[in-house]
Amino acid sequence: MADRLRKPRLLIVMGCVATALTIACAARAPWPALWLVASGILLGLPPGIMMALLPRAVRPEHLATALGVFYALFYLGMAVSQTIAGALRDITGDPAMPLLFASGLMLATIAAVTVFWRIEGRATGSVD
């Protein structure tokens, strides 16, 4: 889809926003199963595009190291975020809190990838 539309940044942002909204709806709106299915479908848009960012931003001789650092931080983030989500559930007593936290993380992804784009733009001399 990203290759056909030639708007990868738009698809990342719209995919993250749509996923965040559907996850939040699963937590608070009627028919949570419907919203979870929708979030699962929409969640498929951003990751592939985002995974293609790092190889474009790093010289080939440094790619293995960069991917190693990326995956180490990714899995650390997965462990920490799940711990925080569970703690939020315990603290608030609200079973929807982990979903709302996940929704917030999807929105935080937009901020993180925007920082990446800024850094990438400075390195290439083309800040958007």
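The values are calculated or read from the model by the stated rules, or taken from the named source; none is laboratory data. Since we're looking at a predicted model, the values are computed, not measured. Note that we place each Cβ from the backbone using ideal geometry, even for glycine, and neighbour counts take in every protein chain shown. Keep in mind that these areas ignore ligands, DNA and RNA; they rest on the heavy atoms of the full protein, side chains included. Shrake-Rupley method; radii C 1.70, N 1.55, O 1.52, S 1.80 Å.
Note on the chain: with a GNM built from Cα contacts shorter than 10 Å, the maximum mean-square fluctuation among SER103, SER81, SER39 falls on SER81.
The trypsin sites (Lys or Arg not before Pro) of the range 1-33 meeting both criteria, a DSSP state outside H, G, I, E and B (loop) and at most 15 other C-beta atoms within 10 angstrom of the site's C-beta, are ARG6. For LEU21, the accessible area of its heavy atoms, probed at 1.4 Å with every protein chain present, is near 110 square angstrom.
Within the full protein context, the accessible area of LEU63 is estimated at about 50 Å² for a probe radius of 1.4 Å.
For the chain, the carbon plus sulfur part of the accessible surface works out to 71%, probe radius 1.4 Å.
Hey, what's the range 12-128 come to in accessible area per residue, 1.4 Å probe, Å²?
On a per-residue basis, the range 12-128 sits at 62 Å².
Within the chain, the whole DSSP H helices whose Cα atoms reach 18 Å or more along their own axis and whose mean Kyte-Doolittle score is at least 0.5 are 8-28, 63-92, 97-124.
For VAL13 and ARG122 in one chain, what is 0.36 nm times their gap in residues minus the Cα-Cα distance, to one decimal in nm? Here the answer is 37.2 nm.
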